[in-house]
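**Student:** Shown below is the structure under consideration.
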Amino acid sequence: IGMAGFVAVVGYGLYKLKHRGDQKMSVHLIHMRVAAQGFVVGAITIGVLFSMYKDYVKPQFKNGAKK
């Protein structure tokens, strides 16, 4: 997932680099960095939530509701 996101952000960045108009290079690079960091934070968050679900929520359904 991480590598796919990296490839997607790089591909999008290269496309936008060609069609950026009069935008400065530094602003373009900052936008690409923020997009890459956002993808990484999202991927980590989804991974942590899935791990928590697998470790804490799913076992409760197997053992039945505890009161």
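**Student:** Looking at the chain, what helices (runs of 4 or more DSSP H) fall wholly within it and have at least 2 residues that are touching a residue at least 12 places away in the same chain (Cβ under 8 Å)?
**Tutor:** In the chain, the matching helices (runs of 4 or more DSSP H) lie at 2-18, 25-52.
**Student:** Please specify each residue of the stretch 13-60 satisfying the condition of being open to solvent by less than 100 Å² (accessible area, probe 1.4 Å), farther than 18 Å from MET3 by Cα and of a type in the set (Ser, Thr, Tyr).
**Tutor:** Scanning the stretch 13-60 gives SER26, SER51.
The values are calculated or read from the model by the stated rules, or taken from the named source; none is laboratory data. Worth saying up front: this structure is predicted, and the values here are computed from it rather than measured. Don't worry about glycine lacking a Cβ; one is built from the backbone with ideal geometry, like all the others, and counts go over all protein chains shown. Heavy atoms of the whole protein, side chains included, go into the accessibility calculation; ligands, DNA and RNA do not. Shrake-Rupley method; radii C 1.70, N 1.55, O 1.52, S 1.80 Å.
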